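Nothing in this text is a laboratory measurement; each read-out follows from the coordinates by a stated rule. Note that the structure is predicted; figures quoted are calculated from it, not measured. Cβ placement follows ideal geometry from the backbone for every residue including glycine, while neighbour counts extend to all protein chains displayed.
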Amino acid sequence: MYALVDCNNFYVSCERAFQPRLEGRPVVVLSNNDGCIVSRSAEAKALGIAMGEPLFKVKALVEQHGVQALSSNYALYGDMSGRVMSYLATQAPELEVYSIDEAFLSLHGMEPYFGSLESYARQIQTEVKRRTHIPTCIGLAPTKTLAKLANRVAKKDASLGGVLLLDSPERRQWALGRVPVEDVWGIGRQYATKLYNLGITTAAGLARCSEAMARKHLGGVVGARLVRELQGYPCHRLNPSEDGTLARQSIACTRTFGRPLAQFEDVMGAVASFASRAAEKLRRQESAASVLTVFLSQNRFGNTPPPHTRSAQVTLPVATSHTSELVRFARALLGRLWQPGVVYVKAGVILDGFEQGGQEQLSLFATDGGERAARLMQKLDALNQRYGKGSVQVATALGGGPSNSTTPWKGQQQRRTPAYTTSWDELWQVG
DNA sequence: TCTGGGGTCCTAGGACCC
DNA sequence: TCTGGGGTCCTAGGACCC
């Protein structure tokens, strides 16, 4: 049996945990540059504000109803997520951190300790709320896909109190019948359209599909597994996390610029900064990357015909997590992509092809002073940990040229709340 | 005027190797 | 000249997730 624990409206709930005045009011949290709506309170949803909607499109609604629109504060959300996950890790033999606000728990052998798995789930729900002020919903079922589905039903049906256990064929059928096919985990826009055209509109209908049909219309083996999972046969195992964090297979740092850029050194400043942040994440999980990708995007909402994004990739001679090395290769890739006269709105750096590599790997790299480089990176990370992201950077990550003091690629976050839990300067003031 | 930033898995074709 | 069955790596793209 699996449980899926999902935090309700996570970013909004994090903000509310520190600002009780937001309780009961419509609240939304915005994406980078205050562009799109990425989290909504129940009150905001009730006003008809859609997920992913650009803020400017709902401006009238926001002003009319006094919706609180906040910039995203990932330092806060990451910290709150860590609190939730580390508690959950103590409550089950195995845990998979699936996203910043969701975790799968494996419940093998838990029944004897509780009257039922449902009471176990309610206890978790109560305790997460008490410790973090974050409300959750929990779905329990024999497969991950059914646990997701149970969670969704629990979220929509207030009479369930946020918990649904699917432990019999009857309950399973009941739940399957209540979920539109587009809400099934793994069914997106394209597949939903196809399925509707085939006359399949609910999860129950999808669960009755033949394997051949699933393979034909839902991306081959992926679709076959999806249908099997709905039928109650597990095809996806738990990917356990020892410490409540996730070791990634790829790491990306990408941003839309604060304004369009056409100067190489401006964009290079951004790319260098992305590369060094990606390298920090890489070192944190003690990996070294052997593949580096840089991409550049033009405005996809403008008149320029597609493709709007071009990318270049290099396989490194030796896997590394050293900032300067990665920045040097990133510069070369950017040079390959660069087209003079073109205006760019976004860039990104992606690291791939990970090898295990802590400090030993670092020192393997340069024959001259590899050890020194490794120690430098350690110190860099320690300083940034202490004084905040980007306090200390390698010289190449700073914009060059006369306008050194400005970072033209940086966007605005005008509605950000303080980093209550993570920054010494912004500690919560009582009273 | 203003439109996010991360991730995952799978498929397929071409180059090259034995 | 034609014929076979593998394998790997790279590149690109499509679909999905939060």
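Check A:Ser287: other-chain or 5+ apart residues with amide H under 5 Å from its amide H, H built from backbone geometry?
The list, which skips near neighbours in sequence, is A:Gly357.
Please quote Rg/Rh for region A:175-223 to two decimal places, taking the Kirkwood radius as Rh and restricting both calculations to Cα atoms.
Looking at region A:175-223, the ratio lands at 0.92.
Applying the Karplus parametrisation 6.51 cos²θ - 1.76 cosθ + 1.60 with θ = phi - 60° to the phi angles of region A:335-349, what ³J(HN,Hα) value in whole Hz is obtained for each residue in order, glycine and proline being reported as x?
x, 5, 7, 5, 10, x, x, 8, 9, 10, 10, 7, 8, x, 10
Between A:Val221 and A:Arg375, what is 0.36 nm times their sequence separation minus the Cα-Cα distance? Round to one decimal in nm.
Fully extending the segment from A:Val221 to A:Arg375 adds 50.8 nm.
How big is D for region A:264-316, in µm² s⁻¹ as a whole number, if Stokes-Einstein is applied with the Kirkwood radius of its Cα pairs at 20 °C and 1.002 mPa s?
On the way: Rh = 13.0 Å.
Value of D from the Cα-based Kirkwood radius: 165 µm²/s.
Quick check for me: using +1 on Lys/Arg Cβ and -1 on Asp/Glu Cβ, what's the dipole size of chain A about its Cα centre, in debye to the nearest 20?
Rounded to the nearest 20 debye, it is 1020 debye.
Out of A:Lys144, A:Lys155, A:Lys379, any idea which swings most in a Gaussian network model of chain A, alpha carbons joined below 10 Å?
Result: A:Lys379 has the largest fluctuation of those listed.
Per q in 0.10, 0.12, 0.13 1/Å, what log10 I(q)/I(0) does a Debye calculation on the alpha-carbon atoms of chain A return?
-0.88, -1.24, -1.38
List the residues whose amide H sits under 5 Å from the amide H of A:Thr136, counting only those 5 or more places along or on another chain, with H placed 1.01 Å from N in the peptide plane.
A:Asn8
Along each of its three principal axes, how wide is the spread of alpha-carbon positions in region A:9-164, in whole angstrom units, largest first?
So the three principal-axis extents are 54, 31, 26 Å.
What are the ³J(HN,Hα) values, in whole Hz, obtained from phi via the Karplus relation 6.51 cos²θ - 1.76 cosθ + 1.60 with θ = phi - 60°, for each residue of region A:63-80 in sequence order, with x given for Gly and Pro?
Ordered by residue, 3J(HN,Hα) equals 6, 4, 9, x, 5, 7, 10, 10, 5, 6, 10, 5, 4, 5, 5, x, 5, 5 Hz.
Please report the net charge: other residues with Cβ closer than 11 Å to the Cβ of A:Ile200, K and R +1, D and E -1. Kindly include the intermediate steps, with their values, before the conclusion.
On the way: positive: A:Lys194, A:Arg208; negative: A:Glu182.
Once all neighbours under 11 Å are counted, the net charge is +1.
A:Ala92's amide H: which non-local residues (gap 5+, or another chain) put their own amide H closer than 5 Å, with H modeled 1.01 Å from N in plane and none for Pro or chain starts?
none
With labels modelled as points extended 7 Å from the Cα through the Cβ direction, what inter-label distance (nm, one decimal) is found for A:His65 paired with A:Ser86?
3.7
When the dipole is taken about the Cα centre of region A:32-77, and only Lys, Arg (+1) and Asp, Glu (-1) are charged at their Cβ, what size is it in debye, to the nearest 20? Spell out each step's value before the answer.
Numbers: 4 positive and 4 negative charges, 17 e Å.
So the dipole magnitude of region A:32-77 works out to roughly 80 debye.
Roughly how far apart, in whole Å, are the Cα centres of region A:265-282 and region A:185-249?
Between the Cα centre of region A:265-282 and that of region A:185-249, the gap is 36 Å.
So for chain A, taking the charge dipole from beta-carbon charges (+1 Lys/Arg, -1 Asp/Glu), which of A:Ala332, A:Val179, A:Gly82 sits furthest toward the positive end?
The residue sitting most towards the positive pole is A:Val179.
Based on DSSP loop calls and a cut-off of at most 13 other Cβ atoms within 10 Å, the longest stretch of chain A free of exposed GluC sites (Glu not before Pro) is what?
For GluC sites (Glu not before Pro) (loop position, at most 13 other Cβ atoms within 10 Å), the longest site-free span of chain A is A:24-241.
Taking the convex hull of the Cα atoms, report for region A:204-315 its projected area averaged over all directions, in nm².
Averaged projected hull area, Cα only: 11.9 nm².
Among A:Thr126, A:Thr421, A:Thr201, what is the fewest-to-most ranking by other Cβ atoms within 10 Å?
Details: A:Thr126 11, A:Thr421 19, A:Thr201 14.
Ascending Cβ contact count within 10 Å gives the list A:Thr126, A:Thr201, A:Thr421.
With the convex hull built on the Cα atoms of region A:1-61, state its orientation-averaged projected area in nm². List each step's numbers first, then the result.
Values: hull surface 21.5 nm².
Taking the Cα atoms of region A:1-61, their convex hull projects to 5.4 nm² on average.
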